[in-house]
1. Once the other residues with Cβ under 15 Å from the Cβ of GLY221 are scored (Lys, Arg +1; Asp, Glu -1), what is the net sum?
2. By its C-alpha gyration tensor, with a ≥ b ≥ c as the square roots of the eigenvalues, how is the stretch 362-448 shaped: rounded for a/c under 1.5, else prolate for a/b larger than b/c, else oblate?
3. Quick one: net charge of LYS270's neighbours, Cβ under 9 Å, K/R +1, D/E -1?
4. Could you tally the net charge around LYS424, taking each other residue with its Cβ under 11 Å from the Cβ of LYS424, Lys/Arg +1 and Asp/Glu -1?
5. Leaving out ligands and nucleic acids, note down the accessible area per residue over the stretch 332-448 with a 1.4 angstrom probe, in whole Å².
6. Summarise the accessible area of the stretch 91-205 (1.4 Å probe, protein heavy atoms) by the percent that is carbon and sulfur.
7. Extension gain SER336-SER250, at 0.36 nm per residue separation less the Cα-Cα distance, in nm?
Amino acid sequence: MARFRRKTCITLIGLVLFIFVVTIVLKSLRPEGSGFGSPFGLGLFPHLDRPEEGHVQPQVGDMANSKVGTAKIPPQERAAEPEAMLNALPTPNYNLHGFYYTWYGNPQFDGKYIHWDHPVLPHWDAKVAAGYPKGRHNPPEDIGANFYPALGAYSSRDPSVIEAHMQQFRTAAIGVVAISWYPPDTKDDNGEPTDDIVPLILEVAHKYQLKVAFHIEPYKGRDDLNMYSNIKYIIERYGDHPAFFRYKTSSGKLLPLFYVYDSYLLSSEKWASLLKENGRHSIRNTAFDGLFIALLVEEKHKSDILSGGFDGMYTYFATNGFSYGSSHSNWRSIKSFCDGNNLMFIPSVGPGYMDTSIRPWNFQNTRNRINGKYYETAFGAALEARTDIISITSFNEWHEGTQIEKAIPKTAGKTTYQDYLPHKSDAYLEITRKWAEKFDKEREKWLV
């Protein structure tokens, strides 16, 4: 009996020692700094690993410079991180404006693809149209563009996309985001209303020290009366935001600047009603006054723009030789005309033009990028004209292949998209940054 008790005691002591050793081994396998409050291996089931009440989970940023995940970066250091990131980017040039489109959508954010599924547009001659494909594109592999975006078939509503875009604007040193704008509840032929995206764009633009101007599209029924109402709406709703762009005139006034696309669709008499001081619906010398920049296409439009009361003209199209306004060789004489009539001239430079994905019959207007040389030539012509502002067509008009946004090589089925090779995906952002710096230096010389 005594022998049995001795054996039992030895067994119990051995069992206790075994448990102690196993506990020490398991503890050595756990990450440093963690306890045994939760089951071992719980990280494999994150939905079970909930923080205790009142406990703040360390974020990724909190673990920087720390071996132990519970260490915290002081608030002043954490606040300095975004500032340091911005300081590492080029200084924004507010005399460089990039045309920006917010009409893209995908199922995740919009319930369907928008604009990426752009229809193939028929030629106006039925006999010519018969020789080309019809129908719509089928995203995400087949999109209505000749290039493919690095961000994929994105939604303009996606906050992460807006963040990436504003960072790319800043990387390229473009200071002003000229946003394509339709009034609330109106849209282009292939899209949906987008005015509700503007507040987020303003917020993120401000984060990157960018400004936002409005590129007013030819919405249905646009005339002098509703233009007044829509300018009033823009200024009352967005004018107090720190990212809202205002241009300092030679008289010292700070005025919002509006690009007016396809302005020639309305007669100069109608525009004068809005833009002349004695006009019937004059916006001049009101709280909603601004700088209104008309689109110059044909040479005759110069006199129409002048008599319509506009403050200047821009050329938009990225196709050298396509129109009078877009032809680089005319820019110096256009600038001379503007100088003589107290008008602003804002030439539009672009990296190329290719829209055969949506207009397969329009190959004669293709302008190859020539590995960036076409873009640099356009910038050179703009600097020779000695303009105060240069606009860029475009940041992301993918349908017409004028984008400088990042693009990637891609093959989908029988379609091989154009790309920026042999350069990197950010090639045109870098070219823009280089010319933004040149533009700044040249302007300093002109102003001496």
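The values are calculated or read from the model by the stated rules, or taken from the named source; none is laboratory data. Quantities reported herein were computed from a predicted structural model and do not represent experimental measurements. Note that each Cβ is placed from the backbone with ideal geometry, even for glycine, and that neighbours are counted across all protein chains shown. Keep in mind that these areas ignore ligands, DNA and RNA; they rest on the heavy atoms of the full protein, side chains included. Shrake-Rupley method; radii C 1.70, N 1.55, O 1.52, S 1.80 Å.
1. On the way: positive: LYS187, LYS220, ARG222, LYS270; negative: ASP185, ASP188, ASP189, GLU217, ASP223, ASP224, ASP262.
Overall, the nearby charge balance is -3.
2. Details: a/c = 2.90, a/b = 2.14, b/c = 1.35.
Verdict is prolate for the stretch 362-448.
3. Numbers: positive: none; negative: ASP223, ASP224, GLU269.
Neighbourhood net charge equals -3.
4. On the way: positive: LYS406; negative: ASP419, ASP426, GLU430.
Around LYS424, the surrounding residues sum to -2.
5. Working: 5250 Å² over 117 residues.
Dividing the accessible area of the stretch 332-448 by its residue count gives 45 Å².
6. Numbers: 2410 of 4520 Å².
Accessible surface attributable to carbon and sulfur in the stretch 91-205 totals 53 percent.
7. Working: separation 86, 0.36 × 86 = 30.96 nm, distance 1.74 nm.
Length difference between fully extended and current span is 29.2 nm.
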